[in-house]
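Written below as structure tokens is the structure these notes are about.
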Amino acid sequence: MMHYLQLSSRICMPSCISSQPKTSWTSSTSGNEMRVGHCTKVSRSVNMENLQNEYLFPEIFMREFVHTQKYPHARLIRLGVGNTTEPIPDIITSSMAEHAHALSTVQGYRGYGAEQGHMELRRAIAEKFYNNMGIEGDEVFVSDGAQCDISRLQMLLGSNVTIAVQDPSFPAYIDSTVIAGRAGRFQEETGKYKNIVYLNCRPENNFFPDLSTASRADIIFFCSPNNPTGNAASQQQLKQLVEFAKANGSIIVYDSSYAAYISDDSPRSIYEIPGAREVAIEVSSFSKFAGFTGVRLGWTVVPDELSYANGFPVIKDYNRIVCTCFNGASNIAQAGGLACLSAEGYQAITTVVDYYKENAKIIVDTFRSLGLKVYGGKNAPYIWVHFPGLSSWDVFNEILEKTDIVTIPGKGFGPGGEEYIRVGAFAPRESILEASKRLKTLF
């Protein structure tokens, strides 16, 4: 994997390019280095210029890289970017391998498939995750992952729609809104974009916004279990959210990518709430519950009842976006998805999910033993740890410098994440136990 190193907002040459580039670089008034030499007459997108810094996770990779250069013998433990580590169960990889091998035969070769995904898989997703919720296979669109679908949904929406996000929230919701030109200018004093509605989700309000005072927005991005806080919304809270959307004529984009980690009676889908089919789209993924972070497979549900202000069905426009901008998920990945949803396959991946949940419990117990306020970890593979009065980037840097453990600073998830760090449970058990020892020694 080639990483572009970006230090202090400067554009640096990737490692695979010659150390004697043909073009030179000079500083611009914006603080970024700009190319000197031939330039086209094409203006840079003002929306791209409006993005603040780099995307969070490449920034974490960069700091991790710098740390390993400084300490080449460090035994790094990565509890930052949510990348699964346990092997995919054999029953699933065997199915993918069999499908891949069949492509070398006349009988087994397949080219393009349906852009919306194989109907067998679409029906299996509807039956496994939306049983008794009224969702049919033709309302499920198979994709290459939830994050890609978030951007496709941004493409679907009109240029003038208003957006609301939880604060803190997964950065792709905000960054894709900025790229689409809907965010307005960034306000340094608040750390927020002018035209985005930030829904405060903190421990004081049980990580659920006060909707009685919330501003109206056309689109509400809502993730439960939440990334980064690890909190899962209750039935009553989601009922309020659906009622709020109905009263305001809004559409909820509900991210349920971590639903498999729910351990209590919290809803696993927005469609468990009566009336949600009329106001909600749901995106989800095989990445975190099946270990498909590299395989790439997800889905989006767009119910038939969901319509625009003029009565036109949203599903028809989304189908048009998918057919125009996507050639369908890999046949091999879809074969793996089907194997995941078989009785034996689902049992196997549930065992892996339980492994990560035990990791999360160890991390939660570690921080609590140190007297820190800890949230999440029960219904999600993320632990949200509070360091009152401290900069989250300072905490991130200190933990990395003194323990060789990578976490994520809460500020990277929005202004509401300041004073927190997110710690992930995706690691081998021995790494989790070692991290626990190092953290206890540090604090």
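The values are calculated or read from the model by the stated rules, or taken from the named source; none is laboratory data. Bear in mind that the values here come from a model prediction, so they are computed numbers and not experimental data. All Cβ positions, glycine included, derive from the backbone under ideal geometry; neighbour counts span all protein chains shown. For the accessible areas, the whole protein counts, side chains as well, though only heavy atoms, and no ligand, DNA or RNA atoms are used. Shrake-Rupley method; radii C 1.70, N 1.55, O 1.52, S 1.80 Å.
Computed quantities for the displayed model
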quantity: Förster radius 25 Å - calculated FRET efficiency between E278 and R216 (Cβ-Cβ, nearest 0.05); calculated: 0.90
quantity: Within the accessible area of the range 331-412 (1.4 Å probe), percent carbon and sulfur; calculated: 53 percent
quantity: Sites A102 and K440, calculated FRET efficiency, Cβ-Cβ separation with R0 60 Å, nearest 0.05; calculated: 0.70
quantity: Charge dipole magnitude, Cβ of K and R +1, D and E -1 - the range 223-358, Cα centre, debye nearest 20; calculated: 340 debye
quantity: Partners for K378 among lysines (Cα-Cα distance below 29 Å; same-chain residues under 8 apart left out); calculated: K128, K239, K288, K357, K361, K402, K411, K437, K440
quantity: ³J(HN,Hα), Karplus 6.51/-1.76/1.60, whole Hz, each residue of the range 198-208, x for Gly, Pro; calculated: 9, 8, 5, 10, 10, x, 5, 10, 6, 6, 10
quantity: Helix-only [θ]222 nm of the chain, DSSP H runs n ≥ 4, -39500 (n - 2.57) each, per residue, nearest 500; calculated: -11000 deg cm²/dmol
quantity: Accessible area in the full protein assembly, largest first, 1.4 Å probe, for H101, H386, H67; calculated: H101, H386, H67
quantity: Length-normalised contact order for the chain - Cα pairs under 8 Å, 6+ apart - percent; calculated: 20 percent
quantity: Surface accessible to a 1.4 Å probe, D210 within the full protein complex, Å²; calculated: 80 Å²
quantity: Probe 1.4 Å - accessible area at E344, Å² to nearest ten; calculated: 120 Å²
quantity: Accessible surface ranking that places the most exposed of K70, K246 first, with a 1.4 angstrom probe; calculated: K70, K246
quantity: Structure-derived Cα extents along the principal axes in Å - corresponding label in (1) 62, 53, 42; (2) 75, 57, 41; (3) 59, 54, 53; calculated: (3)
quantity: Estimated dipole of the chain in Debye, rounded to 20 [Cβ of Lys and Arg +1, of Asp and Glu -1, Cα centre]; calculated: 1020 debye
quantity: Per-residue ³J(HN,Hα) for the range 422-433, Karplus 6.51 cos²θ - 1.76 cosθ + 1.60, θ = phi - 60°, Hz, x for Gly and Pro; calculated: 9, 10, x, 9, 8, 5, x, 4, 5, 5, 5, 5
quantity: Centre separation in Å (Cα based) which lies between the range 296-318 and the range 118-147; calculated: 13 Å
quantity: Rounded to whole Hz, the Karplus (6.51, -1.76, 1.60) HN-Hα couplings of the range 310-321, x for glycine and proline; calculated: 8, x, 6, x, 4, 4, 5, 5, 5, 4, 5, 4
quantity: Heavy-atom accessible area order for M48, M62, largest first, 1.4 Å probe; calculated: M48, M62
quantity: Residues with amide H under 5 Å from that of F207, placed H, sequence gap 5 or more; calculated: R202
quantity: K239 accessible area, 1.4 Å probe, all protein chains in place, Å² to nearest 10; calculated: 90 Å²
